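Only the coordinates and a few stated rules stand behind these numbers; no lab work does. As the structure is a prediction and not an experimental result, all values here were calculated from the model. Here Cβ is always computed from backbone atoms with ideal geometry, including for glycine, and neighbour counts include all displayed protein chains.
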Amino acid sequence: MMELVASDKEPITPFVRVIRSLYESQGVSSVLVIGGLGDYFDVADHVLLMDSYGCQDVTAHAKEIVARSGSDSAKLQVKFGKIRQRFPVLDTFAANGKVRTPARGVISYGDVEIDLTSLEQIVSISQTSAIGAVLQCLSRTLTKGKTIRQALQDFDSTLDTSGLEILAPGQFHGGLTRARLFELGAAVNRFRKEGSIKQDECSR
């Protein structure tokens, strides 16, 4: 297909062509669980084979297969490219006080629902309630020009120093449990209100 359709005519870059660059330029490793596909043999550092519930390291054998077949996936590698920063659109994160956590995997936030059911690291509704409270705090403290990553890291550092008390000032709230930075980011990613986040070049 790459011989048939020139690369400048194809808008989608196959992952196999950027996977090495993703590791070498961004330090991000990839673990792929696949069957019946040898395209990644020559760009893989390790190839593991599951056989009768046993895991075997077959990297050397995979590389031999690549050498015999003349695969050229490694030669077709391209740069992963720039990772664009994401900026919150400030007024869209306001919930106007209408925040509920009816279940462990759901936050009713303003007029949208944030679905966290696939986040298995959230084990109690008190964590979900804390995430909803963090989003409300962020809606009041977000500043123009600050990325989503910066905002979450700054607030996580504030929780380190000030504790969960800042999520419910003036209250002795026993129903909040701190979630990790990763779950906070996942909640922001699942916030589906239209226009809430923009990419770097069009957000300022």
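Restricting to DSSP H runs of at least four residues, report the calculated mean residue ellipticity at 222 nm for the chain, -39500 (n - 2.57) per run over all residues, nearest 500 deg cm²/dmol. Don't skip to the answer; put the middle values down first.
Numbers: 5 runs with 60 residues, N = 204.
Taken over the chain, the calculation gives -9000 deg cm²/dmol.
Translational diffusion coefficient of the stretch 98-140 at 10 °C, 1.306 mPa s, Stokes-Einstein with Kirkwood Rh over Cα pairs, in µm²/s as a whole number.
In µm²/s, the coefficient is 155.
Consider the candidate values (1) -0.44, -0.74; (2) -0.24, -0.46; (3) -0.34, -0.60; state which one is log10 I(q)/I(0) by the Debye sum over Cα atoms at q = 0.08, 0.11 Å⁻¹ computed from the structure displayed.
Step by step, log10 I(q)/I(0) by the Debye sum over Cα atoms at q = 0.08, 0.11 Å⁻¹ for this structure corresponds to label (1).
Any chance you could give the angle, 0 to 90 degrees and rounded to 10, that helix 148-162 forms with the longest Cα principal axis of the chain?
It works out to around 50 degrees.
The stretch 89-126 to the stretch 13-39: how many Å between their Cα centroids?
33
Evaluate 2.2 N^0.38 Å with N set to the residue count of the stretch 7-76, then give the Cα radius of gyration divided by it.
That works out to 1.22 for the stretch 7-76.
Just to be sure I follow the rule: in the chain, considering lysines 8 or more places apart or on different chains, how many pairs have Cα atoms under 21 Å apart?
The result is 11.
In nanometres, what is the gap between the two model label sites at Met50 and Arg84, each 7 Å from Cα along Cα-to-Cβ?
Reported label-point gap for Met50 and Arg84 is 3.6 nm.
On alpha-carbon atoms, Rg over Rh for the stretch 86-202 using Kirkwood Rh? Could you put the intermediate results ahead of the total?
On the way: Rg = 13.4 Å, Rh = 14.3 Å.
Using Cα coordinates only, the ratio equals 0.93.
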